[in-house]
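The values are calculated or read from the model by the stated rules, or taken from the named source; none is laboratory data. Quantities reported herein were computed from a predicted structural model and do not represent experimental measurements. Cβ coordinates were reconstructed from backbone atoms using ideal geometry, including for glycine residues, and neighbour counts include every protein chain displayed. All accessible areas refer to the heavy atoms of the entire protein, side chains included, with ligands and DNA or RNA removed. Shrake-Rupley method; radii C 1.70, N 1.55, O 1.52, S 1.80 Å.
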Amino acid sequence: MAKKTYDLLFKLLLIGDSGVGKTCVLFRFSDDAFNTTFISTIGIDFKIKTVELQGKKIKLQIWDTAGQERFHTITTSYYRGAMGIMLVYDITNAKSFENISKWLRNIDEHANEDVERMLLGNKCDMEDKRVVLKTKGEQIAREHGIRFFETSAKANINIEKAFLTLAEDILKKTPVKEPNSENVDISSGGGVTSWKSKCCS
Amino acid sequence: MEFGEESSPALAFEKNAFELTVEDVYDISYVIGRDLLKISSTGEEVSDLQFRIVRVLEMFETLVNKYNLSLEEMKMERDNLRSELDRIMKDGSSSGQSIQTGGPNQLVVDLTDPNRPRFTMQELKEVLQERNQLKAQLMVAQEELQLYKSGILPQAEPALVEVDLTPPAAIENILLQYENSQGSNHTVIRGSPVRMP
């Protein structure tokens, strides 16, 4: 048996207004940690996390974008490569919820047509400061035919579930390929397909 | 003494021409008029002179009036400009030290501000790409190191090392491969394929 690092590579993208907690959501998922100090993301960053779904090792390459408008040209150039996009808003910030339509439009304009989308209402631990009802989030998600979770990076609510669900939805759409020769290139490209070396069972 | 009596209106004759007011002109008229009266008692040949003097005094009155009005207008204009300047200077110093608007869609940058914008979006893009590439390479190196440490990889055979450098343009290719599952245009650093003995 050969040692394989992963079977599939999925590229995910986090978008949404500045300060809604995209970086914190990702940090919770990748490092299972939370940091209260707010450092605005500069342009674009990424993290890697390997998960196992249906017996497959799936490497998630998750791109974290800056929500600030001034980085728009940099961040939108990363939409096209994404297989899954998480649109995050802050349940204590009405503006971030209103802007969902703007972000969805960005997806339509810049992302791949069959990209898997998901809506997250973050900071759901701050119930006393909530201004966006959960039903509102559910409604807009239903209207656009996308999944919805309320999450909290701080209290670790639904974070892993959201990422795994998104990965699963992408996996369902991924064509099953038989591993071929030992020379299969496991660059990012080849890694997207199944990769196993020759002697694999 | 007659002099003390008429000293006040007669003073107008001694004034600087540019400081004359219409009142001074009236004083001058008064003095000249009185002097004419004294002379006129001697004969009537002064009456022509009297009309001419009156005419000159009228012209004099108009000129002095006009001059004073213009002077007043200019002083007002000067004061307005001065307060306008003060207002602009005050606005300028209070509206942020480094960045002011210089018109629609324009920024005025203070060259002495150490935090002034200096780099282009393209430059930032390149730096971020390089940062992300290095980060990806570090992850690969760490992963590989872990494999060596855990004894999974034999020392003799280098691991198959993959580096995903995917800048935006390259991501597109990955998506194509995702669909076609063949070929690659990516930067791949590879040793010999990993095989168990």
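The figure for A:Tyr6 is an accessible area of roughly 10 square angstrom, using a 1.4 Å probe on the protein chains alone. Amide H to amide H distances under 5 Å link A:Leu60 with A:Phe10, A:Lys49, A:Thr50, A:Val51, where only residues 5 or more positions off or on other chains count and H is placed in the peptide plane.
If R0 is 56 Å, the Cβ-Cβ spacing of A:Ile42 and B:Phe18 corresponds to a FRET efficiency of close to 0.25.
Extension gain, B:Ser70-B:Arg118: 0.36 nm per intervening residue step, less the Cα-Cα distance, totals 12.1 nm. Solvent-accessible surface (1.4 Å probe) assigned to B:Val108 amounts to roughly 60 Å². Under 17 Å of direct C-alpha separation, and excluding same-chain neighbours fewer than eight residues apart, B:Lys66 reaches these lysines: B:Lys75. Around the amide H of A:Gly19, modelled in the peptide plane, lie the amide H atoms of A:Gly67, all under 5 Å away and 5 or more residues distant in sequence or on another chain.
Comparing A:Ile146, A:Ile100, A:Ile58 in a Gaussian network model of chain A where C-alpha atoms under 10 Å apart are linked, the largest mean-square fluctuation is found at A:Ile146. Between B:Lys135 and B:Ser40, the contour length at 0.36 nm per residue exceeds the Cα-Cα span by 22.8 nm. With 10 Å bins beginning at zero, the pair-distance distribution over Cα atoms of the stretch A:19-107 amounts to 14, 47, 31, 7, 0 %. Among A:Met118, A:Met86, A:Met126, the largest mean-square fluctuation in a Gaussian network model of chain A (Cα springs under 10 Å) belongs to A:Met126.
With the simple model of a label 7 Å out from the Cα in the direction of the Cβ, A:Gln68 to B:Lys149 spans 3.6 nm. Under a model in which nothing but the beta-carbon of Lys, Arg (+1) and Asp, Glu (-1) is charged, chain A shows a dipole of about 300 debye around its Cα centre.
For the pair A:Asn35 and B:Leu107, a Förster radius of 30 Å applied to the C-beta separation gives a FRET efficiency near 0.35, rounded to the nearest 0.05.
For the options A:Thr50, A:Thr23, A:Thr151, a Gaussian network treatment of chain A with springs between C-alpha atoms closer than 10 Å singles out A:Thr50 as fluctuating the most.
Within a straight-line Cα-Cα reach of under 16 Å, A:Lys47 can be paired with the following lysines, leaving aside sequence neighbours fewer than 8 residues apart in one chain: A:Lys11, A:Lys22, A:Lys59, B:Lys135.
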